[in-house]
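Only one structure is covered here, and it is reproduced in the block below.
The values are calculated or read from the model by the stated rules, or taken from the named source; none is laboratory data. Keep in mind it's a predicted model, so treat the numbers as computed, not measured. Cβ: placed from backbone, ideal geometry, glycine included. Neighbour counts: every protein chain shown. Surface accessibility is based on the protein's heavy atoms, side chains included, excluding ligands, DNA and RNA. Shrake-Rupley method; radii C 1.70, N 1.55, O 1.52, S 1.80 Å.
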Amino acid sequence: MEFRWEIKSKADQATVQSLSSEINVNPTLANLLANRGVNTFQQAKDFFRPDLDKIHSPFLMKDMDKAVQRLVEAVDKEEKILVYGDYDVDGTTAVALFYGFLREIYPHVDFYIPDRYQEGYGVSEKGVRYAAENGFKLIVSLDCGIKALEKIDLANSLGLDFIICDHHTPGEILPKALAVLDPKRKDCSYPYKELSGCGVGFKLIQAFTERTGKNASHLFGLLDLVAVSIAADIVPITGENRILAHYGLERLNNNPRPGLMALILAGKGQRSLQDLQENRQLLQREMLQLKSDKDIEISDIVFRIGPRINASGRLEHAKASVELLISKDIQDALSRAEDVEDVNSARKNFDENITKEAIQMIEDREQIKPYKSTVLYKEDWHKGVIGIVASRCIEQYYRPTIILTESNNKATGSARSVYDFDIYEAINECSDLLEQFGGHKYAAGLTMELDKVKAFQEKFEEVVSRRISEIHKKPVLEVDDELELDQINYKFYNILRQMAPFGPGNTEPIFCANQVYAQNIKVLKDKHLKFEIVQDGQVTTPVCIAFGFATYYEMLRSKMRFNIAFEVRENTFRNTSSLQLYVKDIKFD
C-alpha cells in the first residue's frame, strides 16, 4: 500500500534551543519533545520520570463522592454487589481489576459479562433482571452503561442502584444512575479525559481506598491490568495514562499476575503451555527468563496479549477471560490460558476465511469497486470477528468500512475508519435507519432491522462521499523528522528509548533519511530484505530490516537513490546488541 508521508512541522526553534540546552540533548531530540508538548525542564522531568504521586485525585471526577459513599454503604450493610463489564479487553480487564480488588476484602460480590450473541453490547435487560432475581442491591458497570437509559430505568424500577464507570462519549441525556463516572461528561471537570474504562474503574478503587483509609500500596498491583486496557483499547498514552501505563508495564515485566504471565508465555510461543504445566523446572526457567528480558511493550499487548483476552468474548463467552485474569495460581492460569489459546486459534481461522469472502465480494461486484465506502452484509459471518475483518478490508481497500452480519434477527455490525475520518459522525447521519449505535472517531458498532441494510448501504455511501476528502484516501505515514545517518548512535537511541511507552499521542518516532542508496542486500525468507544504507558525507552505514519489501530487491541493487522512513531499534543476537533501522517505507526518485 502506498503511503503519503506527512513530515511534522518543526517546533518553535527558540523553545527547541532552550530545551536542548536545559536537558542536554541534541536539537533533533528537543524538537521531538517539543512536538509532544514537552517545552520546559519541568515538563521534560515529568515526561521522562513518570510519578504515581502525580496522578489526579479521583474526587475531581463528577459523582465520585456519591459512588464511593454508596460502595462503602453496600460493604457496611453486607449487600450483594454485582460487577458488570463489557466483553472486550477493556471490559474484561476492568471487571478483573474491580472484582479482584473487592473479593479480597468483601465476600458478597460477583461479576457478570453479557453474552455477545444473546445480549449484545453493554448493559442488557437479561443482566439487570439476573441481578434483581439473585438478590443484588448494587451494580457497578465498567466500560459500558453511559447510554443505557432504558436499562438503568429498569434497574431503578427493580430496586437496584447503579454506579456507571464508563469512558465513552455520553449522549445528550445521561442515565438516571445513582452515580455516573465518565470524564467525558460535559459537566465533569476531571483534568484528564482519555482514561480507559478500566482506568475509570481504577479511579473508583483509588477513591474507595482513600475514603476508607486502606493501605494504597496494593494499587500498584492492579496496574498491569490498567496497562493492558490502555494498550488494547488504543486510548492516548499521554498525561495520566502515560503514568499508569509506565507503572503497569513495569509490573508486567517484573511481577505480572498469573493470568497475564500465562498469556505472555503463550505469546512467546517457545514452549507449549501443556509442557509448562507438566514440567515445573521448565516453567520456573521460562518465568525467570521473562523477568530478566523485561521487553514487554505496548505493542506486545496490542498484538499478542490483547487478542488472546478478546478471543473468548468473540467466539464463546468472555467470562473465561475474566477467570483467567483473576486466577491466583500459575498452574490454574496455564490451564485456562490453554483453553483461551484454542479459542484464539479458532478465531484466527474465522478471521482469515471471512476476510477472503469479504474481499471476493467486493471484487465480484463491479458497481461497488469505485465506492468511497465499504458496507458488506452476509447473514452467516461470525459476529465475533467482523471488526477484525473490517480492519483487514481497509488494508486492501483503503476506505471507511462496515461489516454486517445477522444476530437475533437484526443486522449488527462493526465499523472501522481511515486516517482522520470520523466514522462515528458519518454513522450518526444515518441514525434514522438504525436501532442503536455507539463508538468513536475510528471505530463503532451498530444495529438495524434486516430490511434496512440496502438503504443504509446507499445512505452511508452518500454521506461518506460528501464528507471524505483527498487526505483520507491514502494511508498516512507521519514522519517526525529528517536524520543524517551519523546522528544514529547509542546516545541518541538511549534517549529515544526513555520516551516510551509509545502509543497514540506519543507514537514511536519515525525518521527519514534522504538521498541514500543500498549495499550488501540480502533477501530473507523470500519476503523481507536486509541491507545497509549509505549517505554521501556520512560515515555511518546502518543495517536496515525491511519486512515485506522483497519486491524492491532489483531497484535497491541498481544503486538508485531513495528516501527511507524508519524506526530506530536495538537488535540482540547471540548476546551482541546493535542498532538497526526498521523500515516503514521507501520512496525512489
Would you tell me the accessible area of residue 15, worked out with a 1.4 angstrom probe on the heavy atoms of the protein chains, in Å² to the nearest 10?
40
In the full protein assembly as shown, how much of residue 103 is accessible to a 1.4 Å probe, in Å² to the nearest 10?
80
Would you give the gap between the C-alpha center of the range 61-83 and the C-alpha center of the range 137-182, rounded to a whole Å?
14
Estimated distance in nm for a label pair at residue 454 and residue 218, the labels positioned 7 Å out from Cα along Cα-to-Cβ
6.0
Accessible area of the chain with a 1.4 Å probe: how many percent of it is carbon plus sulfur?
47
Just how much of residue 378 is accessible, in Å², when a 1.4 Å probe is used and the result is rounded to the nearest 10?
50
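Nearest 0.05, what FRET efficiency do residue 553 and residue 176 give at R0 = 60 Å with Cβ-Cβ as r?
Numbers: r = 64 Å, r/R0 = 1.07.
FRET efficiency, residue 553 to residue 176: 0.40.
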Once phi for every residue in the range 420-433 is put through the Karplus expression 6.51 cos²θ - 1.76 cosθ + 1.60 (θ = phi - 60°), the whole-Hz ³J(HN,Hα) values, with Gly and Pro written as x, are 6, 9, 7, 6, 4, 5, 5, 5, 4, 5, 9, 5, 5, 9
³J(HN,Hα), Karplus 6.51/-1.76/1.60, whole Hz, each residue of the range 79-96, x for Gly, Pro
7, 7, 10, 10, 8, 10, x, 6, 9, 8, 5, 4, x, 6, 5, 5, 5, 4
At what distance in nm do the modelled label points of residue 158 and residue 589 sit from each other, each positioned 7 Å from its Cα along Cα→Cβ?
7.2
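Determine, for the range 419-556, the count of lysine pairs separated by eight or more sequence positions (or lying on different chains) whose alpha-carbon distance falls under 22 Å. The partial results should precede the final answer.
Values: 441/459; 441/473; 441/474; 459/473; 522/530.
Lysine pair count for the range 419-556: 5.
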Please work out the Cα center distance from the range 311-365 to the range 417-435, rounded to the nearest Å.
28
Can you give me the angle between helix 386-396 and the longest principal axis of the chain, using Cα atoms only, in degrees from 0 to 90, rounded to the nearest 10?
20
What is the gain in length, in nm to one decimal, between residue 335 and residue 281 on full extension, counting 0.36 nm per residue of separation less the C-alpha to C-alpha distance?
17.7 nm
Amide H neighbours of residue 87 under 5 Å, counting only residues 5+ apart in sequence or on other chains, H built in-plane at 1.01 Å?
122
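Given the Cα-Cα distance of residue 254 and residue 409 and 0.36 nm per residue of separation, how much length would full extension add, in nm? It would help to have the intermediate numbers written out before the result.
On the way: separation 155, 0.36 × 155 = 55.80 nm, distance 4.78 nm.
So the chain would gain 51.0 nm between residue 254 and residue 409.
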Can you compute the modelled spin-label distance between residue 543 and residue 428, with each label point 7 Å from Cα toward Cβ, in nm?
5.1
Sort 302, 25 by heavy-atom solvent-accessible area, probe 1.4 angstrom, most to least.
302, 25
Taking only protein heavy atoms and a 1.4 Å probe, what accessible area per residue, in Å², does the chain have with all protein chains in place?
45
Phi angles of the range 227-241, converted by Karplus (6.51 cos²θ - 1.76 cosθ + 1.60, θ = phi - 60°) into ³J(HN,Hα) in whole Hz with x for Gly and Pro, give 4, 4, 5, 4, 5, 6, 8, 6, 8, x, 9, 10, x, 5, 4
Charges on Cβ only, +1 for Lys and Arg, -1 for Asp and Glu, centred on the Cα centroid of the chain; of 122, 552, 43, which one is farthest towards the dipole's positive end?
552
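What does the extension gain come out to for residue 3 and residue 526, with contour length at 0.36 nm per residue minus their alpha carbon separation?
On the way: separation 523, 0.36 × 523 = 188.28 nm, distance 2.29 nm.
Residue separation times 0.36 nm, minus the Cα-Cα distance, leaves 186.0 nm.
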Of the labelled options (1) 25.8; (2) 24.2; (3) 31.6, which one gives Kirkwood radius over Cα pairs in Å as computed for this structure?
(1)
Residues residue 441 and residue 66, FRET efficiency given R0 of 35 Å [Cβ-Cβ distance, rounded to 0.05]
0.70
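Show me 43-53, 396-406, 88-98 ranked by packing, highest mean number of other Cβ atoms within 10 Å first. Walk me through the intermediate numbers first.
Numbers: 43-53: 13.5, 396-406: 22.0, 88-98: 30.8.
Most protected by this proxy first, the peptides run 88-98, 396-406, 43-53.
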Nearest-ten-degree value, helix 330-364 long axis tilted from longest Cα axis of the chain:
70
Within 10 Å, count the other beta carbons around each residue, average over each peptide in 132-141, 576-585, 63-72, and list them highest first.
132-141, 63-72, 576-585
